[in-house]
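Since the structure comes first, as structure tokens, the remarks are kept for the end.
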């Protein structure tokens with residue numbers, strides 16, 4: 001019994017490289033749903049990439065995020081989706097003793113080798129960002145070689 005340590009209290013005893021795994025276990029066995037981790041805690045958001053014949057379709061789940069808080073760029077085939085969000089509501093009519101604010105910054109990068117940087121379209125609807133990235137025409141690299 002001396003070796004039993006409550007969940008979340010033995011962080012120093014865990015092997016390195018498995019912190020996220022143990023955090024998930026701690027959250028699962030935690031008694032309170034309120035102390036569970038928010039997906040934004042991990043500094044990321046879910047992204048799906050579909051490969052169609054003439055384009056890529058990238059879908060990112062961004063619930064509660066406004067389009068003004070999203071920055072999308074492409075550079076040498078690397079599509080970058082970044083979010084910067086600050087939650088700071090000013091209410092001077094209340095006499096606060098303690099007030100908390102939240103700042104969140106997340107970014108995902110996806111390499112799309114044959115992405116065409118022109119004509120990319122993005123729309124945000126119901127918390128899902130959809131980015132259509134057209135593909136470049138594949139050039140024929142076949143060359144006829146003459147025999148001497």
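The values are calculated or read from the model by the stated rules, or taken from the named source; none is laboratory data. None of these values were measured; they are calculated from a predicted model. All Cβ positions, even for glycine, are placed from backbone atoms using ideal geometry, and neighbour counts span all protein chains on display.
Only one of these conditions is not met by residue 68: (1) in a helix (DSSP H, G or I); (2) touching a strand residue (DSSP E or B) at 6+ places or on another chain (Cβ under 8 Å); (3) at pLDDT 75 or above. Which number is it?
(2)
How many residues are modelled with pLDDT of 90 or more and either over 25 Å from residue 61 (Cβ atoms) or in a loop (DSSP other than H, G, I, E, B) (or both) when one looks only at segment 80-116?
So the answer is 3.
Would you please name the residue that is farthest from residue 139 (Cα to Cα), looking only at residues in segment 103-121 that are surrounded by 12 or more Cβ atoms within 10 Å (Cβ to Cβ) and over 16 Å from the mean Cα position of the chain (by Cα)?
Per the stated criteria, the residue is 120.
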